[in-house]
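For reference, the structure is listed below as structure tokens.
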């Protein structure tokens, strides 16, 4: 295990099958208060609560499972350094998203020696396979999504894959709520009008 700022983190989440923390029912705010008080078990619980989401999000940007695991570790080390004294003023996913995004793009840039114009483009099908919706035809969806501007696609995925609200999206992306609504509206309009995805809006 690695230790930073008085908190332990498991170095390889892939080898552990269940959340070891004793406070599984505590809210994020309660866990953060406990971590600020030096409770290491509370951090383990928070870690396991968001580990899989962080890995999935990192993979969406990078498309490399090993690098996604590295980004996950870097993300939680970033979180550790916020303690003691950390105050969560939004949903945890909203707080984590910018860190995961920036670390993922940096990792991909280091690997590929350039910053991709569109970090989502190559892995859209995998991203949609993460949505437990068997009626989705992932190939059709990924092709249409790939045709969307990156900013619209990012908002769409965060809203319907990651479940962020409009206000949480605005906070995570550091843009006005009106801009979020506009991007989402334009993205959905494209999906409604495209022959490959139109049928999903006709029910």
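Every read-out reported here was derived from the displayed coordinates using simple, explicitly stated rules and does not represent laboratory data. None of the values given here were measured: they were computed from a predicted structure. Positions of Cβ are backbone-derived with ideal geometry, glycine not excepted, and every protein chain shown enters the neighbour counts.
Per-residue packing, averaged as other Cβ atoms within 10 Å, sorts the ranges 63-73, 84-94 into the order 63-73, 84-94, beginning with the highest. Length gained on full extension, residue 200 to residue 78, computed as 0.36 nm times the residue gap minus the Cα-Cα distance: 39.9 nm.
With the cut-off at under 16 Å, measuring from each backbone N in the range 57-74 to a point 7 Å along the Cα-to-Cβ line of residue 110 picks out 58-59, 62-74. Computed from the Cβ-Cβ distance with R0 of 35 Å, the FRET efficiency linking residue 27 to residue 175 stands at 0.80.
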